[in-house]
Amino acid sequence: MNLLDRLEGIAGYHWSAWCGEDGDLQFSATAPSREKAQFEQISRIWQQLGWPDEQGQFLFANGMVLVRRIEKGWLWLFCALSVELGILEAMLQADPAKTSGAHQQSDSQMRLIQSVSLEHKPVPTEVIEALLELYTETLGPLARVLARKECQKVNLDLNHLDAAHWARLLNLLAARIESEPKREDFLDRAILLKTRF
C-alpha cells in the first residue's frame, strides 16, 4: 500500500499497518517484527468486533494509535504523543495519484512539507530570525506579527522551537500565503534553512 510508505518521515510517526475487510494485512517498512505478530492478533479481534467506528484514537503512556477507515479497510498509525497530527491528517486526505516524494498535496492543493528529523533539539535563534526575514519578504511588514499569532493558536513557541516541529511551522506559515507562486518560493527557500541546524 503506497500510503504506508508516504507517511515515513513525519515527526512522531513510528510505523503503520493496513487491515483489509478480507483480513489482508500490510505493514510499513518500519514495522518491527515482534509488533507485526501482536498486530495480527489485534486485527483478528478487530474483525470479530464487526468493524467498529470509522475512526478512533487510543492514548497510551508512551504513545498513541490512530485508526482510520480507508480503502476498504482500516489504517492503523502507531505514533508518539507529539506526532504532527495535522500533517498526518492531510496525508490521509490527499489524493494518492497526485502525491509523491517528500512534498505532498492536501485537498486544497497546498504543498505540505514533511519533517525528515525526529530529533528533539532546539532550532537556533538565528534560523528562526532568518525564517521570519524570509516571511517578511514574502508577506510584508506585518508578517512577524502574523507568524507569532498563528504560532500561538497552535501552541508553537518561536523562542523555543523544537526541531521536530520545524515542518509544522513551515506548513503553518505557508498556509497564510495566498499566492501560489509566492508560497512555493517561500517553501523552497525556507526548506534550505534546515541545513543550518
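Summary of computed values
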{"item": "21 Å Cα-Cα reach of Lys36 towards lysines, excluding residues that sit fewer than 8 places from it in its own chain", "result": "Lys72"}
{"item": "Reachable lysines, given that their alpha-carbon falls under 25 Å from the alpha-carbon of Lys149 and they are not under 8 places away in the same chain", "result": "Lys121, Lys182, Lys194"}
{"item": "Highest average packing first - 38-46, 8-16, Cβ atoms within 10 Å", "result": "8-16, 38-46"}
{"item": "√(5λ) per eigenvalue of the Cα gyration tensor, segment 125-196, largest first, Å", "result": "17, 14, 11"}
{"item": "Between segment 12-38 and segment 65-81, the alpha-carbon center distance in angstrom", "result": "10 Å"}
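Every number in this text was worked out from the coordinates using simple rules, so none of it is lab data. If you're wondering where the values come from, they're calculated on a predicted model, not measured in any experiment. Note that we place each Cβ from the backbone using ideal geometry, even for glycine, and neighbour counts take in every protein chain shown.
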